[in-house]
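Q: Structure below; questions to follow.
The values are calculated or read from the model by the stated rules, or taken from the named source; none is laboratory data. Just so it is clear, the model here is predicted, and its values are computed rather than measured. As a convention, Cβ positions derive from the backbone with ideal geometry for all residues, glycine included, and neighbour counts pool all protein chains shown.
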């Protein structure tokens with residue numbers, strides 16, 4: 001009887017919590033490219049990347065990338081938030097499976113699993129030194145999910161052209177976000193109304 005209860009509790013924990021597989025598939029302290037990515041750039045700065053596989057949450061799996069002292073989700077999150085609003089691009093549920101959900105800022109602040117958080121403006125600043133690898137599929141895996149406008153008549157735009165990610169940094173009715181345009185890995189920096197729908201990448205606390 002006791003063994004049955006213990007097993008039941010274990011399954012309950014697995015269903016309610018996220019867990020991480022630690023399978024290193026690429027690591028270098030002298031070059032920031034993993035073994036399956038592009039050729040090394042000419043930069044002489046030493047940057048470390050480890051690709052970890054994978055974080056499992058509520059039936060979803062997310063690739064994880066460790067960049068020096070930061071650990072990021074390498075995919076857009078596709079979870080139901082505890083608050084706020086969320087959408088699938090164009091209103092089609094299958095797009096959530098491809099691109100992740102689009103969240104308003106309130107939802108973005110509540111959607112990261114335990115032990116993870118919505119990155120701050122400062123977290124994104126630290127990520128900026130990796131701008132030249134953000135379009136590498138095997139590294140940060142940029143997903144151009146587009147956005148949802150706050151005005152219903154404007155709908156959605158920029159799928160497969162641009163990616164937008166919320167930060168936790170706010171200023172009144174506005175919040176900070178980062179943008180990447182396809183073909184240009186620069187992390188552009190802006191503020192916008194919190195009611196717009198953007199993607200979310202969580203960072204480990």
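Q: For residue 76, are the conditions met, namely being surrounded by fewer than 21 Cβ atoms within 10 Å (Cβ to Cβ), under 15 Å from residue 147 (Cβ atoms), in contact with a helix residue (DSSP H, G or I) (Cβ under 8 Å, 6 or more places away or on another chain) and at pLDDT 95 or above? Even if it seems obvious, please write down each step before you answer.
A: Values: surrounded by fewer than 21 Cβ atoms within 10 Å (Cβ to Cβ): no; under 15 Å from residue 147 (Cβ atoms): yes; in contact with a helix residue (DSSP H, G or I) (Cβ under 8 Å, 6 or more places away or on another chain): yes; at pLDDT 95 or above: yes.
No.
Q: Considering region 137-185 alone, what residues qualify as being crowded, with 18+ Cβ neighbours inside 10 Å and at positive phi?
A: Across region 137-185, the qualifying residues are 141, 146.
Q: Being outside any strand (DSSP E or B), without any contact (Cβ under 8 Å) to a residue 40 or more places away in the chain and touching a strand residue (DSSP E or B) at 6+ places or on another chain (Cβ under 8 Å) is the filter here; which residues of region 54-85 pass it?
A: Selection gives 78, 79, 80, 81, 84.
Q: Here is a further query. If you go through region 86-136, how many residues are assigned to a loop (DSSP other than H, G, I, E, B), in contact (Cβ under 8 Å) with a residue 12 or more places away in the chain and either in contact with a helix residue (DSSP H, G or I) (Cβ under 6 Å, 6 or more places away or on another chain) or surrounded by fewer than 16 Cβ atoms within 10 Å (Cβ to Cβ) (or both)?
A: Initially, region 86-136 is screened for residues assigned to a loop (DSSP other than H, G, I, E, B), giving 88, 92, 100-101, 104, 112-115, 118-120, 134-136.
If we keep only those that are in contact (Cβ under 8 Å) with a residue 12 or more places away in the chain too, we end up with 88, 100-101, 104, 112-115, 118-120, 134-136.
With the extra rule that they be either in contact with a helix residue (DSSP H, G or I) (Cβ under 6 Å, 6 or more places away or on another chain) or surrounded by fewer than 16 Cβ atoms within 10 Å (Cβ to Cβ) (or both), the set shrinks to 88, 114-115, 118, 120.
Residues flagged as assigned to a loop (DSSP other than H, G, I, E, B), in contact (Cβ under 8 Å) with a residue 12 or more places away in the chain and either in contact with a helix residue (DSSP H, G or I) (Cβ under 6 Å, 6 or more places away or on another chain) or surrounded by fewer than 16 Cβ atoms within 10 Å (Cβ to Cβ) (or both) within region 86-136 amount to 5.
Q: Name the single residue that is farthest from residue 142 (Cα to Cα) among those in region 186-205 being exposed (fewer than 15 other Cβ atoms within 10 Å of the Cβ) and touching a residue at least 40 places away in the same chain (Cβ under 8 Å).
A: Among those residues, the one meeting the criterion is 193.
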